[in-house]
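Shown next, in structure tokens, is the structure this report addresses.
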Amino acid sequence: MAEKKKILYVQTSGTDTPERLYSPLILAQTAKAMDVEPTVYFLGLGLKNLVKGEAEKVKIGEFPSLLEVLKQTAGQGIKIMACQQSMQLFGGEIKPEDLIDEATIAGAATLNDLSLDADAILTF
């Protein structure tokens, strides 16, 4: 049996570009429906979207809030990863307990491994 295709979505955008925040989540949900294994990895300014209280503030048009889409995505079994080194980059401003429950903390080596293992990588 052939191994499942894998797509890695890397989110580096902050709330100043809300349109870019939904894209990797919607695409990951679509990939899952296509029987592709998606992972969404947040780093840099993108990490701030996983801080409790932040994703609720992002809502565009008739779309649900970013938090609702994050919860839908994780609810489908799609991994939502938060970069540990990005947490350090913000000087301790973001701690593990500050992140939404759907996020799993992962290091830079994990991102490299995911990248090497992915059939495609898209960045936002």
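Just so it is clear, none of the values below were taken in a lab; they were calculated from the coordinates. Here the structure is a predicted model, which means the values were calculated and not measured.
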Using θ = phi - 60° and the Karplus form 6.51 cos²θ - 1.76 cosθ + 1.60, what ³J(HN,Hα) does each residue of the range 90-97 get, whole Hz, x for Gly and Pro?
-> 7, x, x, 4, 10, 10, x, 6
Taking amide H positions as placed 1.01 Å from N in the peptide plane, with prolines and chain starts having none, which residues 5 or more places from residue 58, or on another chain, fall under 5 Å of its amide H?
-> 66, 67
For residue 82, distant residues with modelled amide H under 5 Å away | 42, 104, 105, 106
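Pop out the Kirkwood hydrodynamic radius of the range 6-66 from its pairwise C-alpha distances, inverse of mean 1/r, in Å to one decimal.
Details: mean 1/r = 0.0836 Å⁻¹.
Hydrodynamic radius (Kirkwood, Cα pairs) of the range 6-66 is 12.0 Å.
Nearest 500 deg cm²/dmol is fine: what mean residue ellipticity at 222 nm does the chain get from its DSSP H runs of n ≥ 4 alone, each adding -39,500 (n - 2.57), divided by its residue count? Spell out each step's value before the answer.
Numbers: 4 runs with 42 residues, N = 124.
Result for the chain, helices only: -10000 deg cm²/dmol.
Quote the convex hull volume per residue of the chain, based on C-alpha atoms, as a whole number of Å³.
Working: hull volume 12.0 nm³, N = 124.
Given the Cα convex hull of the chain, per-residue volume reads 97 Å³.
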Relative contact order, percent, of the range 6-123 when contacts are C-alpha pairs under 8 Å separated by at least 6 residues?
-> 33
